[in-house]
Structures are given as structure tokens and as C-alpha cells.
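Input: a single structure, listed below in C-alpha cells.
Just so you know, all these numbers are worked out from the coordinates, no wet-lab data involved. Being a predicted model, the structure only gives us computed values, none of them experimental. Glycine gets a Cβ as well: all are built from the backbone with ideal geometry, and neighbour counts include every protein chain shown.
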């Protein structure tokens, strides 16, 4: 269990990593085994949410944006029954659908914290939705402002908070609400068996990151800034990305934290067993 991870301790630990020149790494995991192994490998945080759950069922994480599951109930159950009981090295955090109109989300944050969750983030986020559907959500109360409100409340309750953002304005709004970690989101990944055919290219991702960090510099220069998704799929690609944008503090792995490793290793081991010969065949 992770009861001893307070917001202050988490923040101090992450800033110490940053000061030492070590990348902050947050693993978004949809199963206990990947969470357990990521923590053993040195992850600074383990986070779960409905997108990660569907990813670990062999589906696209984008299924988490469809009305096919209770995002918040599933996330809390993942935390209680699959992650908190196997992860002790680092804090476990929950990605919540903050715009859920069926719940008192302040009360739900309290439920998560009582269960042992030590951080809250906005996932799924309406920041990744655009067009008429986005405007309809905003106009009917299921808005990004709801995400700001819920994370602000979680912060006031002593939780570590982190926010997916796609624009400087979103980043500033979240920072003003007291969010500890701003995560620049580049959209879906392309790799593996179920990645998107098109992703935000590296230059556009760098431009988005620079705009967010530039906006934060004046009043929130100490906030932790990490990134997620897009064309960054390996540690080597992230290192290359850091060459052009060295102000980033770390990386948030989703598919790269669990789907890609599984898709690579399980077929290889399976093929290895199938290549063995039965002695009686001779």
C-alpha cells in the first residue's frame, strides 16, 4: 500500500529526481502485473484509468472514450483490487473522468483517497475532443473547466495532481488551480498492432511543448512538466526529443509502458516454445 506517499513527499521526490538530472517517469498501467513490474523498474508513479484498462484487453485505449463502461467505477476498482495491493515502491494514482455528470466528483475524489490512491489526474480528458462534439460538451456542463475544478479540489485535499493539456491556456488554468504536474499530450500513438495511422509529428509536438513551457515560465516555472503520446514510443526517441526541448522533466508512458513490451515479448516467447522439438518425433 502507498499510504505514506503524501503530496509533499511526492513533489519533493520528483523535484529531487529533476535536480539530479534523472528523467521523471510515470507509467500508465491497466493491469496489476505491468504496474508491479514498472514500479520494480523504477517508475516514479503508477497511474491507471479506463483507457489503460481497455488497452490491456487488447483493444485501442481510445475505447475509453466510448460509452461502454463506467470510467470512474472501473478505475477505482483497478486501484483497489489490482494495483494498490502489488505496488509499494511508488505512489498509485487514478485518472478520473472529471466531467462525469452522474456523480459528485468531489465526493468521489475523497473515496479514491480513502482507498489509498495518492494522486488524481484528468483522464479521459475532453482536451482531446474537438469540433461540434467538444462544443456541445462544453455548453452542457461536461467541460474542461470541470476537470480544473476536480483537480483543484483534489489538490486542496492533499492529493498530488497532474493534468493532461494540449494548449498554453489549458496549462495555465491548471497551474493556477494548483496542479503539480502538467502533461503535454500529443494524442494517440501509432506503434504496435492497434496504433493510429496518423499522429502528431515530432516538430508539431516540440512546438506544442515549447508553447506550454513558455506560458508557464512567468508564474509557474517550478511546476513539473512531462509529455505523453504522439510519435514518442521508445526511450531512445524520448532522448532525441529532449535534445530539442531540454526543459521537459520527464515522460508519461501508456502504450510504451505496457502494450508495446507485451506485443514484442509474448509472441517471441511463444514462438520459442513452438520451435522446440518433441524427442518422440525422431
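Here are the numbers:
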{"read-out": "Cα gyration tensor category, rounded, prolate or oblate, for region 134-195 with a/c compared to 1.5", "value": "oblate"}
{"read-out": "Most mobile of 58, 30, 230 in a GNM of the chain (Cα contacts under 10 Å)", "value": "58"}
{"read-out": "Relative pair counts by distance (%), Cα atoms of region 54-183, 5 Å bins", "value": "2, 11, 21, 23, 21, 15, 6, 1, 0"}
{"read-out": "Largest-first principal axis extents of the Cα set of region 128-282 (Å)", "value": "74, 39, 34"}
{"read-out": "10 Å binning of all Cα-Cα separations within region 107-167, expressed as whole percents from 0 upward", "value": "22, 47, 25, 6"}
{"read-out": "Gaussian network model of the chain, Cα within-10 Å springs - most flexible of 109, 199, 252", "value": "199"}
{"read-out": "Least to most buried among 49, 106, 185 (fewest other Cβ within 10 Å first)", "value": "106, 185, 49"}
{"read-out": "Distance from region 42-81 to region 223-282 (C-alpha centre basis), Å", "value": "19"}
{"read-out": "Rounded if a/c under 1.5, otherwise prolate or oblate - region 1-59, Cα gyration tensor axes", "value": "prolate"}
{"read-out": "Region 7-257: relative contact order as a whole-number percent, Cα under 8 Å and 6+ apart", "value": "18"}
{"read-out": "Sites residue 134 and residue 8 - FRET efficiency at Förster radius 30 Å, r taken between beta-carbons, to 0.05", "value": "0.25"}
{"read-out": "C-alpha long axis of helix 202-220 to longest principal axis of the chain, angle in °", "value": "40"}
{"read-out": "Theoretical ellipticity at 222 nm over the chain - DSSP helices of four or more residues, -39500 (n - 2.57) apiece, nearest 500", "value": "-13500 deg cm²/dmol"}
{"read-out": "Computed E for residue 242/residue 77 - FRET, C-beta separation, R0 45 angstrom, nearest 0.05", "value": "0.80"}
{"read-out": "Rg followed by Dmax, in Å, when region 7-257 is reduced to its Cα trace", "value": "16.5, 45"}
{"read-out": "Within the chain, percent of DSSP bridges classed antiparallel, to nearest 5", "value": "0"}
